[in-house]
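**Student:** A single structure is presented below for examination.
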Amino acid sequence: MNSLSRRSLLVMAAAAPLVTATPAAALPKKLTARAWLVADHDSGDILAAHRAHRRLAPASTLKMLFAVTVLPKFGPTERHKVTAADLAGIPAGSSLVGVKAGITYTVEQLWQGVFLRSGNDAVHVLAHMNGGIAETVAEMQAKAEDLQALDTHVASPDGFDHKGQLSSAYDLTLFARHGLGEAGFRAYCATRTADFPASARGGKTFQIQNTDRLLTGSYGVRTYDGLIGVKNGYTSNAGNTFTGAATRDGRTLLVTVMHPDSGGNAVYEETARLLDWGFGEGSSAKAVGRLADPVSEASPSPTSGTGEPGKASKGERGAGGAAGAAGVSADGPSPWRLLEGAAGTLALAAGGAYALRRRRR
């Protein structure tokens, strides 16, 4: 953990005071999701949340962590000829983009398959390029811990329903916020359509469309004004999950919605209502918490405060947030995380303390 061991972080966090808070502005009605969170991308302030640390199956939203971990390792023009071994072990029932053994793909095409079609075949090829499934899973878990996404347990790189594979609305929002600080991640999650190789000869292609319905307006969902991504997911066990980001008037908000009651469109509709709230009434709400900064970064915030993700250099990133408010040095990792109290109110508490409590279970 760089300058601090995990044990010392837990000790420091456990000593921090507990501060309860609730949103000042009325929240949207008829929210059925089992967990959700609204946060300001630039500041990391959490504007409102419901069971933000509830550990649930993430489905393909976990691919955001996969991308954050693996995407920087390969240039988009690098080429890879897929083998049968690259495609071995893909779970039955997986979403696929149509990767075939014997065809040479660029890394850019494989990432388009991941982001647009949530293709587990593309994920497995990239994971094999990265040293294998086990190596990639270990790197993803390490990345999650560096991001202080302590609710997440990675069992596979694709987000499929593997035993013990869990995350939370808080952690998924962390992955999205960090990913949007990278130009490649932003470009892929905002791409609506792309041409994908169909054969090894003749340059034949077929078109793939992004399955993010708020981005494309498919299946009766209206496109959301200002949407910039990021990732949706669905399995029969996880239900529908989605993390979306949108920018309006120079402000970028992140919303994660997990497991609404019913219907494939509910996850998008509830996301849209929460975004509307955040840009409207929620703009005056006091923060109920703050997204943690990566342990590996001495400075917080992956943005410059311009409303455009990923525009600031490290030297421009300001401190502040809950750590500063609590008297914790901004030079070290922030231990603060959001917790639910016994009565369901929102609470700001130490992330390490939460991790300790969770591990004792």
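The values are calculated or read from the model by the stated rules, or taken from the named source; none is laboratory data. None of the values given here were measured: they were computed from a predicted structure. Note that each Cβ is placed from the backbone with ideal geometry, even for glycine, and that neighbours are counted across all protein chains shown. All accessible areas refer to the heavy atoms of the entire protein, side chains included, with ligands and DNA or RNA removed. Shrake-Rupley method; radii C 1.70, N 1.55, O 1.52, S 1.80 Å.
**Student:** Please verify whether region 253-264 includes one or more residues that are among the acidic types (Asp, Glu), out of contact with any Cys (no Cβ under 9 Å at 6 or more places or on another chain) and modelled with pLDDT of 95 or more.
**Tutor:** no
This table checks each residue for (1) open to solvent by 10 Å² or more (accessible area, probe 1.4 Å); (2) within 23 Å of Ala190 (Cβ to Cβ); (3) part of a helix (DSSP H, G or I); (4) touching a residue at least 24 places away in the same chain (Cβ under 8 Å).
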{"position": "Asn237", "(1), (2), (3), (4)": "yes, no, no, yes"}
{"position": "Ala245", "(1), (2), (3), (4)": "no, yes, no, yes"}
{"position": "Leu253", "(1), (2), (3), (4)": "no, yes, no, yes"}
{"position": "Thr256", "(1), (2), (3), (4)": "no, yes, no, yes"}
{"position": "Pro260", "(1), (2), (3), (4)": "yes, no, no, yes"}
{"position": "Ala287", "(1), (2), (3), (4)": "yes, no, no, yes"}
{"position": "Ala292", "(1), (2), (3), (4)": "no, no, no, yes"}
{"position": "Val295", "(1), (2), (3), (4)": "yes, no, no, yes"}
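**Student:** Something else: Looking only at region 203-241, filter to residues that are of a type in the set (Phe, Trp, Tyr) and farther than 24 Å from Ala92 by Cβ; which one of those is nearest to the chain's Cα centre (by Cα)?
**Tutor:** Tyr224
**Student:** Do any helices (runs of 4 or more DSSP H) lying entirely in region 99-167 carry at least 3 residues that are open to solvent by 20 Å² or more (accessible area, probe 1.4 Å), and which ones are they?
**Tutor:** Ranges flagged: 107-117, 133-146.
**Student:** Here are some conditions: (1) modelled with pLDDT under 90; (2) within 25 Å of Ala144 (Cβ to Cβ). Ala25 meets all but one. Which one does it not meet?
**Tutor:** So the condition that Ala25 fails would be (2).
**Student:** Considering region 293-307 alone, what residues qualify as being modelled with pLDDT of 55 or more and within 14 Å of Gly179 (Cα to Cα)?
**Tutor:** Asp293, Pro294
**Student:** Does at least one position in region 220-228 carry a residue that is assigned to a strand (DSSP E or B), in contact with a strand residue (DSSP E or B) (Cβ under 7 Å, 6 or more places away or on another chain), open to solvent by less than 60 Å² (accessible area, probe 1.4 Å) and within 27 Å of Ser167 (Cα to Cα)?
**Tutor:** yes
**Student:** Would you mind finding the one in Ala52, Ala67 that is part of a helix (DSSP H, G or I), modelled with pLDDT of 95 or more and either open to solvent by less than 10 Å² (accessible area, probe 1.4 Å) or at negative phi (or both)?
**Tutor:** Ala67
**Student:** Would you mention how many residues in region 78-89 are touching a His at 6+ places or on another chain (Cβ under 7 Å) and either farther than 20 Å from Phe160 by Cα or in contact (Cβ under 8 Å) with a residue 60 or more places away in the chain (or both)?
**Tutor:** Here the count works out to 0.
**Student:** Kindly check whether there is at least one residue in region 259-278 that is out of contact with any helix residue (DSSP H, G or I) (no Cβ under 9 Å at 6 or more places or on another chain) and among the polar types (S, T, N, Q).
**Tutor:** Yes, region 259-278 contains at least one residue that is out of contact with any helix residue (DSSP H, G or I) (no Cβ under 9 Å at 6 or more places or on another chain) and among the polar types (S, T, N, Q).
**Student:** When you scan region 191-209, do you find a residue that is charged (D, E, K, R) and surrounded by 19 or more Cβ atoms within 10 Å (Cβ to Cβ), even just one?
**Tutor:** no
Residues checked against (1) touching a strand residue (DSSP E or B) at 6+ places or on another chain (Cβ under 7 Å); (2) at pLDDT 95 or above; (3) farther than 30 Å from Leu274 by Cβ:
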position: Ala59; (1), (2), (3): yes, yes, no
position: Asp86; (1), (2), (3): no, yes, yes
position: Ser94; (1), (2), (3): no, no, no
position: Ile133; (1), (2), (3): no, yes, yes
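**Student:** Among the residues of region 262-285, write down those that are under 20 Å from Ser60 (Cβ atoms) and in a loop (DSSP other than H, G, I, E, B).
**Tutor:** Ser262, Gly263, Gly264, Asn265
**Student:** Go through the residues of region 178-196 one by one and say whether even a single one is under 27 Å from Ala92 (Cβ atoms), over 20 Å from the mean Cα position of the chain (by Cα) and part of a loop (DSSP other than H, G, I, E, B).
**Tutor:** Taking every residue of region 178-196 in turn, none turns out to be under 27 Å from Ala92 (Cβ atoms), over 20 Å from the mean Cα position of the chain (by Cα) and part of a loop (DSSP other than H, G, I, E, B).
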